[in-house]
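To start, the structure itself, in C-alpha cells.
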Amino acid sequence: SRSVITIPVVVHVVYNTTAQNISDAQILSQIQVLNEDFRRTNSDADNKWAQAADTEIEFCLATVDPNGNATSGITRTYTSVSSFSTNDAMKYSSQGGKDAWPTDQYLNMWVCNISGGILGYAQFPGSGDFATDGVVMGYKYFGTVGQATAPFDGGRTATHEVGHWLNLRHIWGDGACGQDDFVGDTPESDAANYGCATGHSSCGSADMVENYMDYSDDACMNLFTAGQKARMQALFAPGGFRESL
Ligand code: ARG
Ligand code: ZN
Ligand code: CA
C-alpha cells in the first residue's frame, strides 16, 4: 500500500457574476487548507482528542489535463445560470456548467453560486454516476480569502465535503444515538452541532464537535480521527473505489 497519497484536483469555476469568478489566490488558499487539515498541520490542532490523526492524504492542483497538456488545474466557465441547486447541473456543459474531467483520475471540485443556503455538497464513492463524482462548493465558502464569508471562511466546508467524497459520514450518523457513522473512535452523538458547542454531550459522552464531519463553524473544527483515516485510506487499497487516483 501507499503511504502518503496525493490527489490531483481540478477546480471548475462556473460563474455568472464577476464575484463568482473567484481568484486564483482564493483557490490556492483552499488547497492549502485541505493539505493542512488532512495532514494535521493546521495551526489550530490541539491535544484534546487523543485519536486525532494525520490522514496521510494530500491535494495538488492538476498539472496535466485530460489531453496530456499542461494546466493550472483551474477551469473557468461563464454561465447564464444565476444560481444552481443540488441537481448537478453545474457538472454538465449542456446545462450551463462544465463537464467533469475523468473522475477516476481527478478530484473534480465545482465552485459556483448555490441557492438555498447550501455551503457545499459531495457524492459518496460509488453512489452515483461517474460523470457527477466530485464536490460542489459555494463560492462564498471556498478558501480563506476573496469572497470567503464568515463563519465559513476557514476552508472547512471543502474539508468536510472531501471527507464525504472519501466515504465519511456525518459524525452523528445522521440519526439518533445508536445510529453509526461506521467509525469506532468517534463518540456517538444524536444530532449535528452548530456554532461551537464545546462540551455538549449526547448519548452519554461528550460530542466531538471539533470533528470536520460535524456542523460546527469553521473556527471550531480541527480534526479527523484515526478511525476516519482508516475508512478513507481503505478507498486507495487494492480494489478500493479510489485506487486509480
Ligand atoms: N452542510 C454541508 C454538508 O453537510 C457542509 C457543512 C460544512 N460545515 C462547515 N462548518 N463548514 O455537506
Ligand atoms: Zn455533510
Ligand atoms: Ca462512531
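The values are calculated or read from the model by the stated rules, or taken from the named source; none is laboratory data. Predicted model only: the values in this text are computed from it and were never measured. Glycine gets a Cβ as well: all are built from the backbone with ideal geometry, and neighbour counts include every protein chain shown. Side chains are part of the model used for accessible areas, which takes the heavy atoms of the whole protein and leaves out ligands, DNA and RNA. Shrake-Rupley method; radii C 1.70, N 1.55, O 1.52, S 1.80 Å.
Here the Karplus curve 6.51 cos²θ - 1.76 cosθ + 1.60, taken at θ = phi - 60°, turns the phi angles of the range 122-127 into couplings of 9, 9, 5, x, x, 9 Hz, with x standing for Gly and Pro.
Most fluctuating residue of ASN87, ASN35, ASN167 in a GNM of the chain with Cα springs under 10 Å: which is it? Ranking ASN87, ASN35, ASN167 by mean-square fluctuation puts ASN87 first. Close amide H pairs (under 5 Å, H built 1.01 Å from N) link GLY240 with no residue at least 5 positions away or on another chain. Based on C-alpha pairs under 8 angstrom that are at least 6 apart in sequence, the range 1-132 has a relative contact order of 33 percent.
Scanning residues 5 or more positions from VAL111 or on other chains, those with amide H under 5 Å from its amide H are HIS12, VAL13, VAL14, MET137, with H placed 1.01 Å from N in the peptide plane.
GLU210: net charge of surrounding residues, Cβ under 13 Å, Lys/Arg +1, Asp/Glu -1, itself excluded? Mind dumping the intermediate values first?
On the way: positive: ARG40, LYS48, ARG156; negative: ASP37, ASP44, ASP46, ASP207, ASP214, ASP217, ASP218.
Result for the neighbourhood of GLU210: -4.
Within the listed set ALA148, ALA176, ALA52, the Gaussian network model of the chain (springs between alpha-carbon atoms below 10 Å) gives the highest mean-square fluctuation for ALA176. Once C-alpha pairs closer than 8 Å and six or more residues apart are averaged by separation and normalised to the residue number of the chain, the relative contact order reads 20 percent.
Can you pull the semi-axes for the range 13-52, root of five times each eigenvalue of the Cα gyration tensor, sorted largest first, whole Å?
Working: eigenvalues 197, 16, 12 Å².
Whole-Å semi-axes of the equivalent ellipsoid: 31, 9, 8.
Of all the accessible heavy-atom surface of the range 8-59, with the other protein chains kept in place and a 1.4 Å probe, what percent is carbon and sulfur? Let's see the in-between values first.
Working: 990 of 2100 Å².
Carbon plus sulfur share of accessible area: 47 percent.
Taking trypsin sites (Lys or Arg not before Pro) in DSSP loop states with no more than 14 other Cβ atoms inside 10 Å as exposed sites, the chain has its longest site-free stretch at 49-245. Per-residue Karplus couplings for the range 237-242, computed as 6.51 cos²θ - 1.76 cosθ + 1.60 with θ equal to phi - 60°, are listed in order as 6, x, x, x, 4, 10 Hz, Gly and Pro entered as x. Dipole magnitude for the chain: computed about the Cα centre from +1 point charges on Lys and Arg Cβ and -1 point charges on Asp and Glu Cβ, it is near 540 debye.
Only Lys, Arg, Asp and Glu count, each charged at its Cβ (+1, +1, -1, -1), so figure out the dipole size of the range 1-145 about its Cα centre, rounded to 20 debye. Numbers along the way, then the final one.
Details: 8 positive and 14 negative charges, 55 e Å.
Here the range 1-145 has a charge dipole of around 260 debye.
Other residues whose C-beta falls under 15 angstrom from the C-beta of ARG76 contribute a net charge of -2, scoring Lys and Arg +1 and Asp and Glu -1.
Couplings for the range 55-70, taken from phi via the Karplus curve 6.51 cos²θ - 1.76 cosθ + 1.60 with θ = phi - 60°, read 6, 6, 10, 10, 10, 9, 4, 4, 10, 10, 8, x, 8, x, 8, 5 Hz in order; Gly and Pro are left as x. Between the residues THR71, TYR194, GLY184, the greatest Cα displacement towards the positive end of the dipole of the chain, with unit charges on the Cβ of Lys, Arg, Asp and Glu, is found for THR71. Per residue, the range 24-150 exposes an accessible area of 45 Å² to a 1.4 Å probe, with every protein chain left in place. Accessible surface calculations at 1.4 Å, restricted to protein heavy atoms, place the range 197-245 at 35 Å² per residue. Relative to the longest principal axis of the Cα atoms of the chain, helix 24-39 runs at roughly 30 degrees.
Rounded to the nearest 20 debye, what is the charge dipole size of the range 125-245 about its Cα centre when +1 sits on each Lys and Arg Cβ and -1 on each Asp and Glu Cβ? If you can, show how the numbers build up before the last one.
On the way: 6 positive and 16 negative charges, 61 e Å.
Here the size comes out at about 300 debye.
How large, in Å, is the range 26-95 by the Kirkwood hydrodynamic radius built from its alpha-carbon pairs? Could the numbers behind the result be given before it?
On the way: mean 1/r = 0.0645 Å⁻¹.
Result for the range 26-95, one decimal place: 15.5 Å.
Every cysteine in the chain with no other Cys Cβ under 4.7 Å from its Cβ, please list them in numeric order. By the Cβ distance rule, which asks for a partner under 4.7 Å, the isolated cysteines are CYS60, CYS112. Put a dot 7 Å past the Cα of ILE118, heading toward its Cβ, do the same for VAL81, and the two dots end up 1.0 nm apart.
For the range 91-155, the fraction of 1.4 Å probe accessible surface lying on carbon and sulfur atoms is 49 percent. Around the amide H of VAL9, modelled in the peptide plane, lie the amide H atoms of CYS60, LEU61, ALA62, LEU107, all under 5 Å away and 5 or more residues distant in sequence or on another chain.
What number comes out for the charge environment of GLN123, summing +1 per Lys or Arg and -1 per Asp or Glu over other residues with Cβ under 11 Å away?
With Lys, Arg at +1 and Asp, Glu at -1, the net is -3.
Extension gain for ALA70 to VAL145 (0.36 nm times residue separation, less C-alpha to C-alpha distance): 24.4 nm.
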